[in-house]
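Below is one structure, written out as structure tokens; comments come after it.
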Amino acid sequence: MIETKAYAAQDEKTPLAPWTFERRDLGPHDVQFDILFCGVCHSDLHQITNDWFPGIFPMVPGHEIVGRVVKVGDHVTKFKVGDLAGTGCMVDSCQVCENCKQDLEQYCLEGNTQTYNSMERDGSMPTYGGYSNTIVVREEFVLQLKEGVDLAAVAPLLCAGITTYSPLKHWGVGKGHKLAVLGLGGLGHMGVKFGVAFGAEVTVLSTSASKEDDAKKLGAHHFIVTKDPEQIKAALGTFDFILDTVSAPHDFNMYLSLLRTNGTMICVGVPNEPASVAAFSLLGGRKSLAGSGIGGIKETQEMLDYCAENNIVSDIELIDIKDIQTAYERMQKGDVRYRFVIDMATL
Ligand code: NAP
Ligand code: ZN
């Protein structure tokens, strides 16, 4: 077993604190890499507080993980010691179901194995995430990263990046489309970057008037403060797509009213409570309400390569791991500019 240092939540009420545990030894198809940086996703906060469902504790969060390979199993072909490596939200899946065979492991019919707060496929032990010094992952779920990039700013691509890239690709969002990105946080700011890169006319819908300058710097063409009824009124019926990244309960009917005829609202944010949606909100204008979960491994690699070629990274605040609780408190208030990333050297 591999002795591992980490920060963990011992239960849903206790702040994260140092913890050591043992990771499994490498199998022939596994890669072990030492973690250099790990992004802080709002999903970490949802899960360590049991906001969605009861979790597996102690819990080591973190699923935006980058580092360097220190050991490879005998049958590993894509990686060698010293290579850069990354892992996102999944570390395994059945690999044989209809969805896995179509590179949609995130929708594995048996359920994918999440990077943390999940059980290894053989049921032997829980999975533990990236707020730790090293990780062992099956080769198929390890992503390749280019040398010479700002690794801390690349880490959030592993979740915030792919979760916004995948739906924009799936729905073919691009030139000629008006895209609204709802919520300017970790996911939202990546949604803006990709929307702009794909040629869409991008509007940020935000509760925070103070984020307007940043939104424009990120490339957004317009900015609407959703708390201002006049600005909302002016935007009624104007968007082809809304990418909804909001982490807390919000009024779906109001946002659906901003779509044009045949428009689609894509939920990627996961509030802890179900939304109430009136059929009238959809039928007037033949609108669609859709959802999207992260992305498959092939598409995640495609997104990482696309970002490397187009100089797209996340805008980050690098933090010491001891400051993680403060980061969560700021995230809870919508005060993220625009992703916290932990420097794992501070562990
Ligand atoms: P984040 O950085 O905290 O950003 C969320 C943003 O939503 C906030 O910055 C804020 O932006 C806005 N917001 C917060 N509360 C709001 C409210 N009550 N009403 C309206 N807007 C509100 O979070 P994140 O890491 O981007 O994650 C966003 C959500 O996506 C989380 O629920 C997370 O679990 C989920 N997620 C889903 C997937 C997936 O596969 N679908 C993957 C990763 C994360 P403004 O200040 O601009 O209003
Ligand atoms: Zn995430």
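The values are calculated or read from the model by the stated rules, or taken from the named source; none is laboratory data. In this text, all values refer to a predicted model and were calculated from it rather than measured experimentally. As a convention, Cβ positions derive from the backbone with ideal geometry for all residues, glycine included, and neighbour counts pool all protein chains shown. Just so you know, the surface numbers come from the protein's heavy atoms only, side chains and all, with ligands and any DNA or RNA stripped out. Shrake-Rupley method; radii C 1.70, N 1.55, O 1.52, S 1.80 Å.
Cross-link partners among lysines for residue 71, C-alpha distance below 16 Å, same-chain residues fewer than 8 apart left out?
80
Per residue of the stretch 23-33, what does 6.51 cos²θ - 1.76 cosθ + 1.60 with θ = phi - 60° give for ³J(HN,Hα)? Whole Hz please, x for Gly and Pro, Karplus curve as stated.
Karplus-based 3J(HN,Hα) across the stretch 23-33 equals 8, 5, 5, 6, x, x, 9, 9, 10, 10, 10 Hz.
Return one number: the angle in degrees, 0 to 90 and rounded to the nearest 10, between the long axis of the Cα atoms of helix 160-170 and the longest principal axis of the Cα atoms of the chain.
Its long axis makes an angle of about 60 degrees.
Given a 1.4 Å probe and every protein chain left where it sits, what share in percent of the accessible area of the chain is carbon and sulfur?
For the chain, the apolar C and S fraction of the accessible surface comes to 51 percent.
Report ³J(HN,Hα) in whole Hz for each residue of the stretch 137-142, in order, from the Karplus equation J = 6.51 cos²θ - 1.76 cosθ + 1.60 where θ = phi - 60°; Gly and Pro get x.
Here the 3J(HN,Hα) series is 9, 4, 3, 4, 9, 9 Hz.
Hey, what's the chain come to in accessible area per residue, 1.4 Å probe, Å²? Walk me through the numbers before you get to the answer.
Working: 14580 Å² over 347 residues.
Result: 42 Å² per residue.
Measure nothing fancy, just the Cα-based angle from helix 186-197's long axis to the longest principal axis of the chain, in degrees from 0 to 90, nearest 10.
Helix 186-197 and the main axis of the chain meet at about 70 degrees.
Which order do 158, 236, 283 take by accessible area at a 1.4 Å probe, largest first?
Sorted by accessible area, descending: 283, 236, 158.
Report, to the nearest 10°, how far helix 297-309 tilts away from the longest principal axis of the Cα atoms in the chain, using its own Cα long axis and a range of 0 to 90°.
The angle comes out at about 80 degrees.
Against the globular-protein guess of 2.2 N^0.38 Å, express the Cα radius of gyration of the stretch 161-291 as a ratio, rounded to two decimals.
Details: Rg = 13.2 Å, N = 131, 2.2 N^0.38 = 14.0 Å.
Normalised Cα radius of gyration, the stretch 161-291: 0.94.
Leaving out ligands, DNA and RNA but keeping every protein chain, what accessible area does residue 122 have, in Å² rounded to the nearest 10, with a 1.4 Å probe?
Accessible surface of residue 122 is approximately 120 Å².
Largest first and in whole Å, what are the equivalent-ellipsoid semi-axes of the chain based on the Cα gyration tensor, each being the root of 5 times an eigenvalue?
In descending order the semi-axes read 34, 21, 19 Å.
Can you tell which of 135, 95, 243 lies farthest toward the positive end of the dipole of the chain, using +1 and -1 charges on the Cβ of basic and acidic side chains (Lys, Arg; Asp, Glu)?
Farthest along the dipole direction, towards plus: 243.
Probe 1.4 Å, all protein chains in place: accessible area of residue 211 in Å², nearest 10?
10 Å²
If amide H atoms are built 1.01 Å from N in the plane of the peptide, which residues on other chains or at least 5 residues away come under 5 Å of the amide H of residue 318?
Here the answer is 341, since their amide H atoms fall under 5 Å of that of residue 318.
In the structure displayed, which of 193/333; 78/322; 169/216; 175/227 lie more than 32 Å apart, Cα to Cα? Before the final figure, lay out each step's value.
Working: 193/333 23 Å; 78/322 34 Å; 169/216 23 Å; 175/227 29 Å.
Violating the 32 Å limit, Cα to Cα: 78/322.
How far apart, in nm, are two points set 7 Å out from the Cα along the Cα-to-Cβ line at residue 98 and at residue 234?
Roughly 4.7 nm, to one decimal.
May I ask you to rank 164, 77 by accessible area, largest first, using a 1.4 Å probe over the protein chains only?
Values: 164 0, 77 120 Å².
Descending order: 77, 164.
Can you tell me the relative contact order of the chain? Whole percent, Cα pairs under 8 Å, sequence separation 6 or more.
18 percent
Each residue of the stretch 317-323 in order: what ³J(HN,Hα) in whole Hz does its phi give by Karplus 6.51 cos²θ - 1.76 cosθ + 1.60, θ = phi - 60°, with x for Gly and Pro?
10, 7, 10, 7, 5, 5, 9
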